[in-house]
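Undergrad: Just dropping this structure here.
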Amino acid sequence: MKRRNLLVGLGAGLVAGCSKVGASTPMQKLFELAEGWHRGAQRTLAGRNALAREFSPEDISPYFRGNGTTDPGDASYAAHAAAGFADWKLAVGGLVDRPLLLSLDQVRALPQRTQITRHDCVEGWSAIGQWTGPQLKTLLDAAKLKPDARFIVFHCADMLEGANYYESIDLIDAFHPQTIVAHQLNGAPLPVTNGAPLRMRIERQLGYKHAKYVNAIEAVASLDGVGGGKGGFWEDRAGYQWYAGI
Ligand SMILES: Nc1nc2c(c(=O)[nH]1)N[C@H]1C(S)=C(S)[C@@H](COP(=O)(O)O)O[C@H]1N2
Ligand SMILES: [Mo]
């Protein structure tokens with residue numbers, strides 16, 4: 001009885017927080033309650049700012065497989081890849097005071113973080129890799145978020161089922177020390193398979209949150225107007241949880 005009240009309380013908080021009240025079926029409601037419970041439990045037990053486990057160089061998987069899109073495949077991306085992404089630009093915009101347009105050299109010139117972590121895909125495989133790149137926090141501090149910014153959206157270059165892949169996180173994960181914009185895997189430039197030239201690492205969440213082929217980072221007040229409104233490509237299509245904490 002007590003537990004049920006707690007679940008309802010957390011669920012209500014989540015629904016209000018994400019303004020997802022609209023057209024929810026009872027089954028979706030149940031998912032959302034479970035998601036709220038999961039998120040609440042993780043916040044209480046471990047803390048959303050706790051670090052994901054980091055591993056040693058000898059733990060690195062010999063092969064880091066690619067999953068989902070493994071090559072965006074369109075002419076524009078192919079041209080960028082052939083040129084070593086020399087003219088690729090990362091845009092940081094939306095609800096910021098100073099929008100940024102950064103070349104890869106500029107991204108590489110920022111303070112860097114390197115971390116060896118395990119990637120867990122919801123489809124049931126894991127791999128350990130070493131990732132290098134600036135913390136997302138560094139970019140957001142440079143762009144200076146406006147006070148009404150609540151979510152960070154990652155827009156990707158690849159199209160699946162006629163839409164661009166995208167993902168989003170809240171500001172707790174956005175400012176988490178292990179949330180980085182990676183341009184290297186295992187000490188080498190990110191391969192096309194794994195999201196060249198830039199991909200997110202959101203180490204406290206499942207694999208589908210780690211957007212690859214990122215070309216724009218956007219601060220928003222609400223996820224309602226983005227994609228299908230559920231905060232990510234698979235959240236919109238397959239009912240994947242928006243908060244996929246591990
Ligand atoms: N742009 C983009 N990002 C993506 C995907 C995708 O298809 N497109 N797939 C996601 C999924 S489900 C996983 S498990 C990881 C896979 O990363 P990897 O290709 O480096 O293994 O990327 C995630 N990010
Ligand atoms: Mo995945």
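Undergrad: Quick one: Ala182 ticks every box in (1) within 14 Å of ligand 2 (Cβ to nearest atom); (2) of a type in the set (Gly, Ala, Ser); (3) under 16 Å from Cys156 (Cβ atoms) bar one, so which box is it?
TA: Checking Ala182 against (1) within 14 Å of ligand 2 (Cβ to nearest atom); (2) of a type in the set (Gly, Ala, Ser); (3) under 16 Å from Cys156 (Cβ atoms), the one that fails is (1).
Undergrad: Of all residues being within 16 Å of ligand 2 (Cβ to nearest atom) and surrounded by 14 or more Cβ atoms within 10 Å (Cβ to Cβ) in segment 152-166, which is modelled with the lowest pLDDT? Just the residue, please.
TA: Here is the first cut: in segment 152-166, the residues within 16 Å of ligand 2 (Cβ to nearest atom) are 154, 156, 158, 160-161, 165-166.
Retained after the next criterion (residues that are surrounded by 14 or more Cβ atoms within 10 Å (Cβ to Cβ)): 154, 156, 158, 160, 165-166.
On the way: Phe154: 99, Cys156: 98, Asp158: 98, Leu160: 94, Tyr165: 98, Tyr166: 98.
It comes out as Leu160.
Undergrad: Check Thr69, Thr114 and return the single one that is part of a strand (DSSP E or B) and at negative phi.
TA: Numbers: Thr69 fails: part of a strand (DSSP E or B).
Result of the check over Thr69, Thr114: Thr114.
Undergrad: Given the conditions (1) more than 16 Å from ligand 2 (Cβ to nearest atom); (2) surrounded by fewer than 22 Cβ atoms within 10 Å (Cβ to Cβ); (3) assigned to a helix (DSSP H, G or I); (4) not aromatic (Phe, Trp, Tyr), and given that Pro177 satisfies all but one, which numbered condition is not satisfied?
TA: Unmet condition: (3).
Undergrad: Would you be able to say whether some residue in segment 223-237 is within 22 Å of Leu104 (Cβ to Cβ) and either part of a loop (DSSP other than H, G, I, E, B) or away from ligand 2 (no atom under 15 Å from the Cβ) (or both)?
TA: Filtering segment 223-237 for residues within 22 Å of Leu104 (Cβ to Cβ) gives none.
No; the residues of segment 223-237 include none that is within 22 Å of Leu104 (Cβ to Cβ) and either part of a loop (DSSP other than H, G, I, E, B) or away from ligand 2 (no atom under 15 Å from the Cβ) (or both).
Undergrad: Go over the candidates Ala142, Ala149 one by one and state the one that is more than 16 Å from ligand 2 (Cβ to nearest atom), modelled with pLDDT of 95 or more and either basic (Lys, Arg) or open to solvent by less than 40 Å² (accessible area, probe 1.4 Å) (or both).
TA: Working: Ala142 fails: either basic (Lys, Arg) or open to solvent by less than 40 Å² (accessible area, probe 1.4 Å) (or both).
Sole residue among the options that is more than 16 Å from ligand 2 (Cβ to nearest atom), modelled with pLDDT of 95 or more and either basic (Lys, Arg) or open to solvent by less than 40 Å² (accessible area, probe 1.4 Å) (or both): Ala149.
Undergrad: Right, something else. Considering Ala219, Ala182, which residue is of a type outside the set (S, T, N, Q), at pLDDT 95 or above, within 27 Å of Ala50 (Cβ to Cβ) and away from ligand 1 (no atom under 14 Å from the Cβ)? Quick ask: steps written out before the conclusion?
TA: Working: Ala182 fails: away from ligand 1 (no atom under 14 Å from the Cβ).
Answer to the check: Ala219.
Undergrad: Of the residues Ser61, Ser76, Ser103, only one is at pLDDT 95 or above, within 19 Å of Ala196 (Cβ to Cβ), hydroxyl-bearing (Ser, Thr, Tyr) and open to solvent by 60 Å² or more (accessible area, probe 1.4 Å); which?
TA: On the way: Ser61 fails: open to solvent by 60 Å² or more (accessible area, probe 1.4 Å); Ser103 fails: open to solvent by 60 Å² or more (accessible area, probe 1.4 Å).
When all the criteria are applied, what remains is Ser76.
Undergrad: Would you point out the residue of segment 114-136, among those that are surrounded by fewer than 19 Cβ atoms within 10 Å (Cβ to Cβ) and more than 16 Å from ligand 2 (Cβ to nearest atom), that is farthest from Gln184 (Cα to Cα)?
TA: Ile116
Undergrad: When segment 198-235 is examined, which residues are found to be of a type in the set (D, E, K, R) and touching a residue at least 24 places away in the same chain (Cβ under 8 Å)? Give the derivation first.
TA: So the first thing to find is which residues in segment 198-235 are of a type in the set (D, E, K, R), and the list is 199, 201, 203-204, 209, 212, 218, 224, 230, 235.
Answer for segment 198-235, where residues must be of a type in the set (D, E, K, R) and touching a residue at least 24 places away in the same chain (Cβ under 8 Å): Arg201, Glu203, Arg204, Lys209, Lys212, Glu218, Asp224, Lys230.
Undergrad: Among all residue pairs at least 6 apart or on different chains, which show Cβ distances below 6 Å where the first residue, located in segment 85-97, is within 15 Å of Ser168 (Cβ to Cβ) and the second is modelled with pLDDT of 95 or more and assigned to a strand (DSSP E or B)?
TA: Note: pairs meeting the criteria are Val92/Leu100; Val92/Ile217; Gly93/Glu218; Gly94/Glu218; Gly94/Ala219; Gly94/Val220; Leu95/Ala219.
Undergrad: Scan segment 128-137 and tell me whether some residue there is closer than 24 Å to Arg98 by Cβ and in a helix (DSSP H, G or I). Explain how you work it out, then say what you get.
TA: Initial filter on segment 128-137 (closer than 24 Å to Arg98 by Cβ): 133-137.
Next, only the ones that are in a helix (DSSP H, G or I) stay: 136-137.
Yes.
Undergrad: For the list (1) within 15 Å of ligand 1 (Cβ to nearest atom); (2) surrounded by 14 or more Cβ atoms within 10 Å (Cβ to Cβ), I need the number of the one condition that Leu110 fails.
TA: (1)
Undergrad: Sticking with this one: Does Ile169 satisfy the criteria of being under 21 Å from Val122 (Cα atoms) and either part of a loop (DSSP other than H, G, I, E, B) or touching a residue at least 12 places away in the same chain (Cβ under 8 Å) (or both)? Quick ask: steps written out before the conclusion?
TA: On the way: under 21 Å from Val122 (Cα atoms): yes; either part of a loop (DSSP other than H, G, I, E, B) or touching a residue at least 12 places away in the same chain (Cβ under 8 Å) (or both): yes.
Yes: the conditions hold for Ile169.
The values are calculated or read from the model by the stated rules, or taken from the named source; none is laboratory data. Worth saying up front: this structure is predicted, and the values here are computed from it rather than measured. Cβ atoms come from the backbone with ideal geometry, glycine included; neighbour counts cover every protein chain shown. Surface areas here come from the heavy atoms of the whole protein model, side chains and all, with no ligands, DNA or RNA. Shrake-Rupley method; radii C 1.70, N 1.55, O 1.52, S 1.80 Å.
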